[in-house]
Amino acid sequence: MLATERLVLRPPAADDLPFLLEDMNTPPVMEFLGGEIRTPDEVRESLDADIAAFASEGGHQRWTVWLRDDDRRVGRCGLFHVRSGAAPAALRGQREIGWTLAPHAWGRGYATEAARAVLDYAYQKLGLATVYSQTSDSNAASTRVMQRLGFARRSELDYVDPDYPARDNPTTVWSLSAENWNG
């Protein structure tokens, strides 16, 4: 578990499923994640994979983000491995951070706050030298979060991802090294 002033990041659990189905598997949330609403079975399978990966050493870690004061879920934030076959070879397998919030939590700084906790974990607990993040120019909100966190644009690693619509390409790549992290 990770904690910030306003948030608690907990490992994924089976009881996250209603939140994922009702608040996260919606057109506004999925807009920059490929755009497609997933079936309930796909959401359940993804949650099961997140739970299993979190428990395994070296797997991805996607925490559920809760408000500290009223114990309500607001989103997810985690560390992953870049897996896209469209990504440049130098990027594939590298660790990346990502976040997704429910619309009721947008515009309050929760993504930045949760990402800071995950980056502290990445650098201090895992000893990572560099963390990457990816988005597209169409996702201005995530781009602003990356800039607030101190990520630097790595345009030489940008790529076209056929799993995303044309408006979300190219995938823009950003990085932040441990030595430049100011927590």
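Quick notes on this one:
- The chain: relative contact order as a whole-number percent, Cα under 8 Å and 6+ apart: 19
- Computed from phi, the 3J(HN,Hα) profile of the stretch 173-178 under the Karplus parametrisation 6.51, -1.76, 1.60 (θ = phi - 60°) reads 10, 10, 9, 9, 8, 4 Hz, with x in place of Gly and Pro.
- Here's how it looks for TYR159: its modeled amide H is under 5 Å from those of THR171, which are all 5 or more places away or on a different chain.
- Only Lys, Arg, Asp and Glu carry charge here, each on its Cβ (+1 for the first two, -1 for the last two); on that basis the chain has a dipole of about 560 debye about its Cα centre.
- Among ARG76, ARG144, ARG116, residue whose mean-square fluctuation peaks in a GNM of the chain (springs only between Cα atoms under 10 Å): ARG144
- Calculated P(r) of the stretch 2-180 - Cα pairs past 23 Å, %: 39
- Springs between Cα atoms under 10 Å define the GNM used for the chain, and in it the highest mean-square fluctuation of ALA14, ALA52, ALA102 occurs at ALA14.
- Simple label model, 7 Å out from Cα along Cβ direction - TYR159 to ALA86, nm: 1.0
- Stretching GLU5 away from GLU179 to a fully extended chain increases their span by 60.2 nm, per 0.36 nm per residue minus the current alpha-carbon distance.
- FRET efficiency for the ASP120 to ALA13 pair, using the beta carbon distance and R₀ = 22 Å, is estimated at 0.50.
- Distant-in-sequence amide contacts of HIS81, defined by a placed amide H-H separation under 5 Å and a gap of 5 or more residues or a different chain, comprise GLU96.
Each reported figure results from applying straightforward, stated rules to the coordinates on display, with no laboratory input. All values derive from a computational prediction rather than experimental measurement. Glycine gets a Cβ as well: all are built from the backbone with ideal geometry, and neighbour counts include every protein chain shown.
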